[in-house]
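The values are calculated or read from the model by the stated rules, or taken from the named source; none is laboratory data. Just so you know, these numbers come straight off a predicted model, no measurement behind them. Quick reminder, even Gly has a Cβ in these numbers, built from the backbone with ideal geometry, and neighbours come from all protein chains shown. When the accessible area is computed, the model is the full protein with side chains, heavy atoms only, and any ligands, DNA or RNA have been set aside. Shrake-Rupley method; radii C 1.70, N 1.55, O 1.52, S 1.80 Å.
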Amino acid sequence: APAEKTFDLQGAPVKIGVWYDDADPRTIAEKGPAEEAQIKLIEAAEKKYNTKIEFVKFADYGKYVENFTTTSLSGTPFADIVLLELFWAFPQLVNKEFIQPVDEYLDLSDAKYISWMKNGGSYKGKQYGMTDSAPSPYGMYYNKTLVQKLGLEDPYELQQKGEWTWDKFREFAKSGTKDTNGDGKTDVFGLAGAYGKTKALAEQLVYTNKGALDKDAAGEIKFSMNSENTIQALQFVSDLYNTDKSIMQPVPEDASKEFIAGKGLIYAGFSWELGTLLDSMKDQEIGYVFFPKGPKADKYVSYTPFGNMFMVSKYSKNAEAAARIMDEISLHDEGRQLAKQSWESSYPSKESLDTRTQMADSIEYISYYGVPDGEKLFEGVVTDITTGKVSPATAVDKVKPQFEANINKLLQDSK
């Protein structure tokens with residue numbers, strides 16, 4: 001094997017850019033095992049590369065990219081390694097050559113690199129993103145106590161048999177929608193709602209049916225809201241809302257509160273919401289599962305638009321060394337083992353822990369947030385098909401010209 005390439009930065013710092021506090025484990029007051037482990041890696045890297053590793057915070061999230069690009073064009077990017085949202089990076093910052101690929105610096109066949117990093121952090125066959133952990137997955141919490149009381153099949157057991165499908169979910173949600181006090185009004189719904197409301201629910205159903213909003217089957221950026229898989233998912237949302245009425249109506253501002261109050265069997269949300277739910281539902285047992293598989297899907301996957309990864313500034317004077325340092329101070333397998341240990345102490349049952357563990361290895365990226373006004377336009381579609389009772393095809397046709405124009409603008413502005 002060739003000798004490892006050596007670097008001597010002669011005391012010059014390597015800067016890592018973020019937008020939040022406590023990115024540097026050395027400055028955290030109460031250090032846990034992960035912080036202690038990373039501090040050792042930082043100290044080793046500083047000695048090996050003869051450098052000082054600095055975490056640089058630029059707190060204005062809304063102007064973060066502007067700051068990065070402006071400082072880069074001046075010849076001195078505010079950081080050598082920059083934490084970026086994926087929808088900032090692809091395609092804009094890649095096409096404008098503000099960030100550079102890391103394929104030649106890393107052996108991506110190494111098992112320490114997780115699928116989330118390789119799937120979410122790559123663009124047109126090149127690897128740009130670096131991360132050692134997947135983001136918080138999005139799934140379905142369910143009130144197991146209420147499920148047992150109503151005599152319904154447990155979603156986790158269905159999931160483990162591969163039978164947690166749209167049909168089963170629809171049947172489950174309908175069965176859980178009840179007028180329990182006989183006043184003629186539904187007071188318990190199959191679905192209390194979702195974090196991000198019905199738009200986020202619809203997103204998950206589109207993608208868990210192998211649909212998309214802004215990518216064709218080959219992965220190219222293109223309007224795809226009118227694809228068969230996506231229309232099928234939007235029709236399913238319409239059926240849940242208008243035909244079955246198993247989604248709480250009107251849609252609550254904060255569906256988690258309705259779930260906590262026992263007004264819904266299911267609440268769709270991120271894994272980081274677990275602590276609040278457990279604290280608020282001490283007398284109830286909570287389960288956690290993937291979204292059900294759509295008819296076009298062959299496996300359970302959790303999707304998120306909120307992935308961010310570390311990327312190398314094209315304008316960095318020490319780009320290769322910075323990339324290698326970032327890789328060497330990342331915890332990789334050790335970090336994931338520590339994360340699993342923390343899940344073991346926080347998840348309420350071996351079943352919910354099993355789902356969370358599966359999700360860590362089965363998470364993929366929703367990219368359409370990068371399209372200007374993409375969220376707003378899709379939210380309009382979801383409003384039309386639910387409260388407006390418009391057909392999915394008609395609702396999609398209504399936004400198609402603007403969505404396509406915004407995709408074209410995105411691609412044009414990225415040149």
* Which numbered condition trips up Ser345, out of (1) more than 17 Å from Trp272 (Cβ to Cβ); (2) open to solvent by 50 Å² or more (accessible area, probe 1.4 Å)? -> (1)
* Structure fact -> Over the range 1-26, the set of residues within 26 Å of Lys340 (Cβ to Cβ) and either part of a loop (DSSP other than H, G, I, E, B) or open to solvent by 90 Å² or more (accessible area, probe 1.4 Å) (or both) is Tyr20, Asp21, Asp22, Ala23, Asp24
* Checking Phe306 against (1) surrounded by 19 or more Cβ atoms within 10 Å (Cβ to Cβ); (2) of a type in the set (Phe, Trp, Tyr); (3) outside any helix (DSSP H, G or I), which test does it fail? -> (1)
* Which members of the range 186-235 meet the condition of being under 20 Å from Ile363 (Cβ atoms), of a type in the set (D, E, K, R), open to solvent by 10 Å² or more (accessible area, probe 1.4 Å) and assigned to a loop (DSSP other than H, G, I, E, B)? -> Lys210
* Residue tally, condition more than 16 Å from Leu377 (Cβ to Cβ) and either out of contact with any helix residue (DSSP H, G or I) (no Cβ under 9 Å at 6 or more places or on another chain) or of a type in the set (Phe, Trp, Tyr) (or both), over the range 205-226 -> 6
* Using the structure shown, decide if Gly287 is touching a helix residue (DSSP H, G or I) at 6+ places or on another chain (Cβ under 6 Å) and modelled with pLDDT of 95 or more. => yes
* Could you identify the single residue in Ala45, Ala34 that is among the hydrophobic types (A, V, I, L, M, F, W, C), open to solvent by less than 40 Å² (accessible area, probe 1.4 Å) and in contact with a Pro (Cβ under 9 Å, 6 or more places away or on another chain)? => Ala34
* To do: Would you mind finding the one in Asp132, Asp110, Asp154 that is among the acidic types (Asp, Glu) and surrounded by fewer than 16 Cβ atoms within 10 Å (Cβ to Cβ)?
  => Asp110
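Residues are listed down the side, and each one gets a yes or a no for (1) within 24 Å of Lys96 (Cβ to Cβ); (2) free of Cβ contacts under 8 Å to residues at least 12 places away in the same chain:
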residue: Ala323; (1), (2): yes, no
residue: Asp327; (1), (2): no, no
residue: Leu353; (1), (2): no, yes
residue: Tyr365; (1), (2): yes, no
residue: Glu375; (1), (2): yes, no
residue: Gly388; (1), (2): no, yes
residue: Asp413; (1), (2): yes, no
* Which one of these is under 30 Å from Glu220 (Cβ atoms) and open to solvent by 30 Å² or more (accessible area, probe 1.4 Å): Asp103, Asp60? -> Asp103
* Structure fact -> If we keep only residues of the range 254-274 that are within 21 Å of the chain's Cα centre (by Cα) and open to solvent by 30 Å² or more (accessible area, probe 1.4 Å), then the residue farthest from Pro305 (Cα to Cα) is Asp254
* Any idea which of (1) open to solvent by 60 Å² or more (accessible area, probe 1.4 Å); (2) closer than 30 Å to Leu9 by Cβ; (3) at pLDDT 95 or above is the one Asp397 doesn't satisfy? -> (2)
* Asked: Within the range 275-303, which residues are open to solvent by less than 10 Å² (accessible area, probe 1.4 Å) and either in a strand (DSSP E or B) or over 22 Å from Ala212 (Cα atoms) (or both)?
  -> Leu277, Met281, Ile286, Gly287, Tyr288, Val289, Ser302
* To do: Run down Glu35, Glu30 and say which single residue is under 20 Å from Ala339 (Cα atoms) and in a helix (DSSP H, G or I).
  => Glu35
* **Qualifying residues in the range 352-386 (those that are of a type outside the set (Val, Ile, Thr) and in a loop (DSSP other than H, G, I, E, B)) - the one surrounded by the fewest Cβ atoms within 10 Å (Cβ to Cβ)** => Asp361
* **the range 222-239 - residue that is aliphatic (A, V, I, L, M) and touching a Phe, Trp or Tyr at 6+ places or on another chain (Cβ under 9 Å) and, of those, nearest to Pro295 (Cα to Cα)** => Ala233
* Could you tell me whether any residue of the range 219-232 is over 23 Å from the mean Cα position of the chain (by Cα) and modelled with pLDDT under 95? => no
* Is one or more of the residues making up the range 80-93 in a loop (DSSP other than H, G, I, E, B), open to solvent by less than 50 Å² (accessible area, probe 1.4 Å) and not hydrophobic (A, V, I, L, M, F, W, C)? -> yes
* Asked: What is the number of the single condition among (1) at negative phi; (2) open to solvent by 10 Å² or more (accessible area, probe 1.4 Å) that Trp164 does not meet?
  -> (2)
